[in-house]
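Down below is the structure, laid out as structure tokens.
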Amino acid sequence: MSPEAQSLPPAIHGRDLPESRICAAAVAKLRSGGWQVACEVPFWERSIDAVGVNERDELFAIEAKTCFSKRVISQAWGAQSHVEYVVIAVGTRPRDQNLELARQHGLGVWRVDDSGTVQVLLGPVRQEMRPGDFYRTRLRESVRQMDGSVPGGMPCLDGVGPTADLQRRVDEFKAANPKATWKVIFAQVPNHFTSARNMYSALRANRERKSLRRRLRESKLRREAECGAGI
């Protein structure tokens, strides 16, 4: 039986990242109940903040936000089609009408206060799943092979997040093993992808985005310098 409260883990990377700390406290609570949990689990065109799987192959999703919103409701509903239990973890107490909306749809609501205590405002209702659901299988496989130390709810900042952390680990592995293929890298480096092809494509796209942002910044600085010089 998982406790009703769980202490908040230390701040991640020394940053004050409210959503990531809310997610960390919710994940700690779920793990204390015996669930294997991974964060930033790929799902359709986005990632779920955290997903747990238990010994009965049931899935438990956590969507963490600083406050209750239409966006987090939408994300929770999307996960609910393929996951038995879905909880919204927030840093502020939702309004009564929002709690009622969550109750009507079988969603759980956890509140993480300033001290890191997790308060269960509403328990999730178990959803019946379709047999042979491809996306459920992918979620379970992802959770079981992903690096459990990757934090969830990280902000979209340059160099922050699971893909950035993975890129650093891959770079270190390739430096030590320059002839390693992507199949070997995928097998040896803990990651949150379901295949070597997906892993390679995502890291390549991430590098291309970073390169584009760098070129745009440099172009902007050149234009500002030219304007300042009266060119």
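All of the numbers you see were taken from the coordinates with simple rules; none came from a lab. Bear in mind that the values here come from a model prediction, so they are computed numbers and not experimental data. Every residue, glycine among them, receives a Cβ derived from its backbone with ideal geometry; neighbour counts consider all protein chains shown.
Couple of notes before you dig in:
- With contacts taken as Cα pairs under 8 Å at a separation of at least 6 residues, segment 162-228 carries a relative contact order of 27 percent.
- Neighbourhood charge, 11 Å Cβ-Cβ cut-off, centred on Q75 and excluding it, Lys, Arg +1 and Asp, Glu -1: +2
- Per residue convex hull volume, Cα atoms of segment 162-228, in Å³: 95
- Extended-chain gain in nm, criterion 0.36 nm per residue less alpha-carbon gap, D113 and N177: 18.5 nm
- Mean sequence separation of contacting Cα pairs (under 8 Å, at least six apart), scaled by the length of the chain, corresponds to a relative contact order of 19 percent.
- The local environment of R126, defined by Cβ-Cβ distances under 12 Å, has a net charge of -2 under the rule Lys, Arg +1 and Asp, Glu -1.
- Lysine pairs in the chain whose alpha-carbon atoms fall under 27 angstrom of each other, counting only those eight or more residues apart or on distinct chains, come to 8.
- Distance cut-off 22 Å, percentage of C-alpha pairs in segment 12-145 lying past it: 31
- Ranked packing of 109-117, 22-30, most packed first, by mean Cβ within 10 Å: 22-30, 109-117
- Cβ-derived FRET efficiency at R0 22 Å, S149 paired with R46, nearest 0.05: 0.55
- Selected from L30, Y85, L216, residue furthest toward positive end of dipole (the chain; charges at beta carbon): L216
- Projecting the Cα atoms of P42, A202, A64 onto the charge dipole of the chain (Cβ charges, centred on the Cα centre) puts A202 farthest toward the positive pole.
- Amide H contacts of V118: Q6, each under 5 Å away and 5 or more positions distant or on a separate chain (H built 1.01 Å from N in the peptide plane; Pro and chain starts excluded).
- Mean-square fluctuations from a GNM of the chain, with a 10 angstrom spring cutoff on Cα atoms, peak among E63, E218, E40 at E218.
- Within-14-Å neighbourhood charge of V37 [Cβ basis; K, R +1; D, E -1]: -2
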